[in-house]
Amino acid sequence: MKLYDSRRAPNPRRVRWFMAEKGVEDVEIVEVDIFAGQHRTPDYMAKAGLPNVPALEMDDGTTITESVAICRYLESVYPEPNLFGRDPREVAVIEMWARRAEMLVATPLMLTVRHSHPALAAIETQIPEVAASNRAAAEKGIRVLDRRLAESPFIAGDRVTIADILAVTGIDFARMARFRPDPELVNVKRWLDEMNARPAAKAGV
């Protein structure tokens, strides 16, 4: 298999972190320079269908994009440690928190960076109001996580799951917009410190 990666983008980092948690080392990494437009070349588009990174090319040539879809496939190939749920109840709880982590925190923070960081003006039509509104939305979303983390070691339960990976990579990416969670959110701080201390946090940084 080949993973078409970009070290500058947040969604590929989700997959790298996920692979590191599982100890996956037999997937070839192919770097795609999005600032050079390599994700828009005819060859890449023929594989991926859209100018998106990451993309995973399977052994039979099937290529999929969307970071969570890639992680789900890798979970089926490398089932341990489990990051998506062991039984129907756990699968549903993890899916719920993964969706919340993405919609309430990760996506707003990505939009904040895309619409405010000067370097991204080369690939994004930036609208300052979009950055401001998404930053405010993310701040509210992180408060939801703080309340959850007051009652749970990790976002979806007692161990790291895809929900934690989605949230932490989004928050880390937002450093480009000089965003930091409110230090008074002590549960988020405790969780962030634990996540960033994990070996997988260094995957492809």
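The values are calculated or read from the model by the stated rules, or taken from the named source; none is laboratory data. Computed from a prediction, not measured in an experiment: that's the story for all the values here. Virtual Cβ from ideal backbone geometry, glycine too; neighbours counted across all protein chains shown. Keep in mind that these areas ignore ligands, DNA and RNA; they rest on the heavy atoms of the full protein, side chains included. Shrake-Rupley method; radii C 1.70, N 1.55, O 1.52, S 1.80 Å.
Points worth noting:
- Conditions (1) over 14 Å from the mean Cα position of the chain (by Cα); (2) open to solvent by less than 50 Å² (accessible area, probe 1.4 Å); (3) among the small types (Gly, Ala, Ser): number failed by ALA92: (2)
- Filter result (over 30 Å from ALA131 (Cβ atoms) and in a helix (DSSP H, G or I)) within the stretch 71-93: ARG72, TYR73, LEU74, GLU75, SER76, VAL77, PRO88, ARG89, GLU90, VAL91, ALA92, VAL93
- Per the listing LEU104, LEU3, the residue uniquely under 29 Å from ALA122 (Cα atoms), part of a strand (DSSP E or B) and at pLDDT 95 or above is LEU3.
- Filter result for TYR73 (open to solvent by 20 Å² or more (accessible area, probe 1.4 Å), of a type in the set (Phe, Trp, Tyr), in contact with a strand residue (DSSP E or B) (Cβ under 7 Å, 6 or more places away or on another chain) and modelled with pLDDT of 95 or more): yes
- Number of the exception - TRP97 against (1) open to solvent by less than 30 Å² (accessible area, probe 1.4 Å); (2) closer than 19 Å to ARG16 by Cα; (3) in contact (Cβ under 8 Å) with a residue 24 or more places away in the chain: (2)
- Residue in the stretch 16-28 that is of a type in the set (A, V, I, L, M), open to solvent by less than 40 Å² (accessible area, probe 1.4 Å), over 21 Å from PHE173 (Cβ atoms) and touching a Leu at 6+ places or on another chain (Cβ under 8 Å) present: yes
- All positions within the stretch 32-46 that are surrounded by 17 or more Cβ atoms within 10 Å (Cβ to Cβ) and either touching a strand residue (DSSP E or B) at 6+ places or on another chain (Cβ under 9 Å) or closer than 15 Å to LYS2 by Cα (or both): VAL32, GLN38, HIS39, TYR44
- Leading residue by the ranking (most open to solvent (accessible area, probe 1.4 Å)) among those in the stretch 48-70 that are assigned to a loop (DSSP other than H, G, I, E, B) and aliphatic (A, V, I, L, M): LEU50
- Residues in the stretch 10-47 that are of a type in the set (Gly, Ala, Ser), closer than 27 Å to VAL160 by Cα and assigned to a helix (DSSP H, G or I): 1 in all.
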